[in-house]
2 protein chains.
Amino acid sequence: MALEDYFQPFSRRDWERESVDGTVRMAVVGLGGFARNRGLPAIAAGEYCETTTLVSGSPEKAATLAEAFDVQHVVDYEAYKNGAAADAYDAVYVATPNALHGEYVRAAADLGKHVICEKPLETTTELARELVNVCAEAGVMLMTAYRIQLGPTARRTREIVDDGYIGDVVQVYGGFSHPVLEATSPDTWRLDPDLAGGGALVDLGVYPLNTTRFLLKRDPVAVNAWTCSLEPAFAEVDEHVTFTLRFPGQITASCTASFNAHANSHLRLVGTDGMISISGPFGGVVPQRMVVERGEFSVEYTGHPDDEVGEEFDYFGYCVLTGTEPGPSGRDGLEDVRVIDAAYESAETEQWVEL
Amino acid sequence: MALEDYFQPFSRRDWERESVDGTVRMAVVGLGGFARNRGLPAIAAGEYCETTTLVSGSPEKAATLAEAFDVQHVVDYEAYKNGAAADAYDAVYVATPNALHGEYVRAAADLGKHVICEKPLETTTELARELVNVCAEAGVMLMTAYRIQLGPTARRTREIVDDGYIGDVVQVYGGFSHPVLEATSPDTWRLDPDLAGGGALVDLGVYPLNTTRFLLKRDPVAVNAWTCSLEPAFAEVDEHVTFTLRFPGQITASCTASFNAHANSHLRLVGTDGMISISGPFGGVVPQRMVVERGEFSVEYTGHPDDEVGEEFDYFGYCVLTGTEPGPSGRDGLEDVRVIDAAYESAETEQWVEL
């Protein structure tokens, strides 16, 4: 297949295999910045989901958003757990702080509602595994909200890699830095280890981790990590993290993440026959820019990528409506938490940790 | 200082502080591909050196090159060691396989000749230290041939970093891959551990290692490395290497090198306030391209960089003529060999090795 063919069209929905009627009615649980600014607009603009219910501890914020997005029902967390307005929605988007995912996913499973849950799934491997089991036992779908996996850049990259266009992948580099204190106040739950489960690794490092797993279609066999915190605001969590993953086939991924550095993200896969480099793959300030090299050619995709959050919710809706097991499943989210736990163990022991 | 000022002009010689008369007459010891294709032309085109003597085990190759570059003297290795044509040159460029550096540097020191020696200085820390001592005792200059350090891209980057333009550096990524078998036959000395001292780490990984040390003006305090070889041609040396360096100030550098991957090199420094990204810094197929980001600006240098090998020899000549201690000294080369030895120990023991 010629390289151009992968890009024609760039944003094709390879997952959309049948035509679908109807929409999935969503309850959005937790109305933080991402849910407000990216989630609700993406659901409203998309094809297969609609928001019918908002769950929030802040009635005022919820009322304003309900008006803005034409949402009929607003309930608080306790009412949600008790099944209030449950007839009004078919599925739940859990976008609360990480440590609270468990109780709201469990409530959804008890009510027989399908779930799309923000990453990371939970704060420990054990808790993440419980969520996967709870949803399986209740017979509801559990998708981990890895928006990158539904973005056309990652999907086209995966196809190119899978077809061997760049030969065998040898080395991967993935980095994501975001100055968290420029966007949020120091009392953000992201800097509270009990609520977040960790720092830069959990919040940002999970992107190169999950995306590399997605692109290679492999899970790491060992991890070596190093973390540090210099500023007082990051006393309780890792401010910076540098970790190396080893994958089957002797592939390594050198990854970094930082809560206190210039906003930047990058992903690069070097193979025996070529290379793929993506600027801004994880949501940094730089727009996504994708370059593929092989032999003596270098091709840059210059089109405008779609909103990956929109793709993510349409994909979730499609999976619910067609009964398709979602690509970024609960197990996928569980695997990342397992690697993150091992990485923290490695940082503590200064040893490689086998997975 | 405004960012543009660093680039005006990009290729200014910050090291050239006085006007100099004369040239340094050079003996070029070893006429492999790099000496033939880059070294001799650069010396011929430069200001402060001229080649008067060629030292080679191949009389025919030497005669052809002597004619092409108008060189008066051709001697073989034994004759060189016995001082043949020693009156015809003031300094020696040692470009033989790594394990042979020692005897030719030692011969130069005995003859009272200054030395520029290819990297890595030697195959073990002990041998490299001996070379540094031998030259110091003989009162001759020893420069390690780190061409990158004399290239304007690295020099401007170092100034920008040193002035704090991107804040405190947090994380560095440096990678260099080169498909060695596409350029040379499998019996190249680069794949013989006795002659090379190692594989991809020694030959290619030394570039991100040395360049990061140069840019940060710091030496690493610990290294963690992982190596592997998959193809039979690389049975004796590391085909691929992935290593992490920790520097004072909690800076990490994630580095990779490969003898068997698509030709590619990249260097990226992420700081608290900005970022510098360089494509092709180490001599890959991509031309050097330098982007500096800070705040909401991204500036790309689009001028044509000078030949760093030419800069390197002019710098060496200038140092000899003015009695200046060269920037990439013998000690600089020794430090890299020390880190490389520690990296191989780390790959063997699967532990961090403190330096």
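The values are calculated or read from the model by the stated rules, or taken from the named source; none is laboratory data. Here the structure is a predicted model, which is why all the values come from computation and not from measurement. Cβ atoms come from the backbone with ideal geometry, glycine included; neighbour counts cover every protein chain shown.
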* State yes or no: is A:Asp163 free of Cβ contacts under 8 Å to residues at least 40 places away in the same chain and among the charged types (D, E, K, R)? => no
* Members of the range B:11-44 that are surrounded by fewer than 13 Cβ atoms within 10 Å (Cβ to Cβ) and more than 18 Å from the chain's Cα centre (by Cα) -> B:Asp14, B:Arg17, B:Glu18, B:Ser19, B:Asp21, B:Gly22
* Just need a number here: residues in the range A:100-149 that are under 17 Å from A:Val320 (Cα atoms) and touching a Pro at 6+ places or on another chain (Cβ under 6 Å). => 3
* **Selection status of B:Leu209, touching a residue at least 40 places away in the same chain (Cβ under 8 Å), aliphatic (A, V, I, L, M) and farther than 24 Å from A:Gly174 by Cα** => no
* Can you confirm whether the range B:102-124 contains a residue that is of a type outside the set (Lys, Arg), out of contact with any helix residue (DSSP H, G or I) (no Cβ under 8 Å at 6 or more places or on another chain) and surrounded by fewer than 18 Cβ atoms within 10 Å (Cβ to Cβ)? => no
* Asked: Here are some residues: B:Phe297, B:Phe282, B:Phe234, B:Phe259. Which one is of a type in the set (Phe, Trp, Tyr), under 21 Å from A:Ser254 (Cα atoms) and within 12 Å of chain A (Cβ to nearest Cβ)?
  -> B:Phe259
* So, of the residues in the range B:213-226 that are within 20 Å of A:Tyr173 (Cα to Cα) and surrounded by 24 or more Cβ atoms within 10 Å (Cβ to Cβ), which turns out to be nearest to the other protein chains (Cβ to nearest Cβ)? -> B:Asn224
* Which one is farthest from the chain's Cα centre (by Cα), of the residues in the range B:285-294 that are at the interface with another protein chain (Cβ under 8 Å from one of its Cβ atoms) and either assigned to a strand (DSSP E or B) or of a type in the set (Gly, Ala, Ser) (or both)? -> B:Arg294
* Structure fact -> Flagged pairs (Cβ under 9 angstrom, 6 or more apart or on separate chains; first in the range B:306-331, on the phi > 0 side of the Ramachandran plot; second at pLDDT 95 or above) are B:Gly323/B:Met141
* To do: Test A:His262 against the stated conditions and say whether it is touching a residue at least 24 places away in the same chain (Cβ under 8 Å) and either surrounded by fewer than 18 Cβ atoms within 10 Å (Cβ to Cβ) or not in a loop (DSSP other than H, G, I, E, B) (or both).
  => no
* Asked: Looking at the range A:276-315, which of its residues are more than 20 Å from A:Gln8 (Cα to Cα) and of a type in the set (A, V, I, L, M, F, W, C)?
  -> A:Phe282, A:Val285, A:Val286, A:Val309, A:Phe313
* To do: Determine which member of the set B:Tyr89, B:Tyr77 is under 25 Å from the mean Cα position of the chain (by Cα), over 28 Å from B:Phe282 (Cα atoms) and surrounded by fewer than 19 Cβ atoms within 10 Å (Cβ to Cβ).
  => B:Tyr77
* Structure fact -> If we ask which residues in the range B:300-343 are assigned to a helix (DSSP H, G or I) and within 14 Å of chain A (Cβ to nearest Cβ), their number turns out to be 1
* **Residue, surrounded by the fewest Cβ atoms within 10 Å (Cβ to Cβ), within the range B:344-355, restricted to residues that are touching a helix residue (DSSP H, G or I) at 6+ places or on another chain (Cβ under 9 Å) and away from every other protein chain (no Cβ under 13 Å)** => B:Leu355
* Structure fact -> All-but-one check, A:Ser56 against (1) among the polar types (S, T, N, Q); (2) more than 26 Å from A:Thr324 (Cα to Cα); (3) exposed (fewer than 13 other Cβ atoms within 10 Å of the Cβ), failing number (3)
* Asked: From the residues in the range B:269-282 that are in contact (Cβ under 8 Å) with a residue 60 or more places away in the chain and under 18 Å from the mean Cα position of the chain (by Cα), which one is farthest from A:Asp273 (Cα to Cα)?
  -> B:Ile278
* To do: State yes or no: is B:Ser11 closer than 21 Å to B:Val320 by Cα, in a loop (DSSP other than H, G, I, E, B) and among the polar types (S, T, N, Q)?
  => no
* Somewhere in the range B:266-276, is a residue surrounded by fewer than 23 Cβ atoms within 10 Å (Cβ to Cβ), within 10 Å of another protein chain (Cβ to nearest Cβ) and modelled with pLDDT of 95 or more? -> yes
* In the set B:Gly102, B:Gly33, B:Gly83, B:Gly39, which member is at pLDDT below 95 and in the same structural domain as B:Ala136 (by TED's automatic domain parsing)? -> B:Gly33
